[in-house]
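Asker: Take a look at the following structure, please.
The values are calculated or read from the model by the stated rules, or taken from the named source; none is laboratory data. Note that the structure is a prediction, hence the values are computed from the model and not measured. Cβ sites come from the backbone with ideal geometry, for glycine too, and all protein chains shown count toward neighbours. The protein model used for the area step is the full one, side chains on, heavy atoms only, and it has no ligands, DNA or RNA in it. Shrake-Rupley method; radii C 1.70, N 1.55, O 1.52, S 1.80 Å.
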Amino acid sequence: MTEFWLISAPGEKTCQQTWDQMMVATTRNNNLSTNNKFNIPDLKVGTLDVLVGLSDDLAKLDSFIEGVVKKVSQYMADVLEDSRDKVQENLLANGVDLVTYITRFQWDMAKYPIKQSLKNISDIISKQVSQIDNDLKARASAYNNLKGNLQNLERKNAGSLLTRSLADIVKKEDFVIDSEYLITMLVVVPKTSYADWQKTYETLSEMVVPRSTNLLFEDHDSGLFSVTLFRKAIDDFRHKARENKYTVRDFQYNEQEMNADKEEMTRLSTDKKKQFGPLVRWLKVNFSEAFIAWIHIKALRVFVESVLRYDDHTVLTVVQLLDVFLLFSPFSALLFPLLSNRPLLCSPHVWVMLFILALLRCACSFLVV
């Protein structure tokens, strides 16, 4: 992972002079970073009052969009499951990798028209990312429910013989069916007790049919045996089996129910495969949209904070003095913290202007009263 800083520097006589000074300070003398120009268009500045309020709003919006970007990328990893090594190749911005997008950033005039005010542009981005966040919650909920139901059915068909479903193990011919007097029971017997089972099962209770036991299935620890007895001996047989550390499974052979479970698993598996492709495509597209929106918010933040910090005369003239650069440090380890969440300090005369603005407001309020 790579850390990026957005650096705003007060302009010299020309933009190139500022850039040259930045290069000398960070690369030519001490090789601290690799620098790229970060192009911000001529945005509508607006009033000082609007800029100050927008500064706080953009910081909150920045954090919100960062959260959405991380949620989309994390859910991409969750959806890909065993193919998590392919996550990075799916996390692109405008069809290119994230580093390329950031270092070659160009303002998207179609999505975020610069003729709009800064407030309107931030509102457009906020609505766009909020919609992505809401859609993600809905899609994730639907897919997770489907995935959870499928996993529950799969768990029933796996694990120990003591808990797993027996529907895919037993066959119709293993049971005495539709008998008024006889019933076939299924018993889980530890492998170490096979010999004891064969010697004792006929005498565990009265009315056990001699030579009626069969080994139907076995796993690493135990085997599943069938045994036939009279219905009125069921409770006594259960009790005696428990005393001998055998486990009687509650199971009645019902072909319709067994087929219904198999059909349900097939349906859920098919639905999951059908939803997988469209969901991954949606995540790819909307990760790109959210990431692009996030970098535009970064651009807005550095623009607004630079205007407040570097204004030499009036807010309207300062834009011509700004040069914004992107620094890439090879010694850092994080991708996302492009800007600190702490607001930049304004220059002293800006605070004076704010104080005067507050006095004017008080005066107006007094005159109205």
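Asker: Do we have K147 as touching a residue at least 12 places away in the same chain (Cβ under 8 Å), open to solvent by less than 50 Å² (accessible area, probe 1.4 Å), within 30 Å of Y75 (Cα to Cα) and basic (K, R) here?
Answerer: Judged against the criteria, K147 is a match.
Asker: Of the residues S306, S288, S212, S269, which is open to solvent by less than 60 Å² (accessible area, probe 1.4 Å), modelled with pLDDT under 90 and not hydrophobic (A, V, I, L, M, F, W, C)?
Answerer: S306
Asker: In the stretch 9-115, which helices (runs of 4 or more DSSP H) lie fully inside it and hold 3 or more residues that are open to solvent by less than 70 Å² (accessible area, probe 1.4 Å), in contact (Cβ under 8 Å) with a residue 60 or more places away in the chain and small (G, A, S)?
Answerer: The qualifying helices (runs of 4 or more DSSP H) are 48-80.
Asker: Let me ask something else about it. Any idea which of F230, F328 is surrounded by fewer than 18 Cβ atoms within 10 Å (Cβ to Cβ) and either at pLDDT below 90 or among the small types (G, A, S) (or both)?
Answerer: Being surrounded by fewer than 18 Cβ atoms within 10 Å (Cβ to Cβ) and either at pLDDT below 90 or among the small types (G, A, S) (or both) holds for just one of F230, F328, which is F328.
Asker: Report whether or not R155 is of a type in the set (K, R), in a helix (DSSP H, G or I), open to solvent by 50 Å² or more (accessible area, probe 1.4 Å) and more than 18 Å from G67 (Cα to Cα).
Answerer: Considered against the rule, which asks whether it is of a type in the set (K, R), in a helix (DSSP H, G or I), open to solvent by 50 Å² or more (accessible area, probe 1.4 Å) and more than 18 Å from G67 (Cα to Cα), R155 comes out as yes.
Asker: Let me ask something else. Has the stretch 243-262 got at least one residue that is buried (at least 16 other Cβ atoms within 10 Å of the Cβ) and over 25 Å from L153 (Cβ atoms)?
Answerer: yes
Asker: What number goes with the only condition from (1) closer than 25 Å to S55 by Cβ; (2) among the aliphatic types (A, V, I, L, M); (3) touching a helix residue (DSSP H, G or I) at 6+ places or on another chain (Cβ under 9 Å) that M109 does not pass?
Answerer: Evaluating M109 over (1) closer than 25 Å to S55 by Cβ; (2) among the aliphatic types (A, V, I, L, M); (3) touching a helix residue (DSSP H, G or I) at 6+ places or on another chain (Cβ under 9 Å) leaves (3) as the failure.
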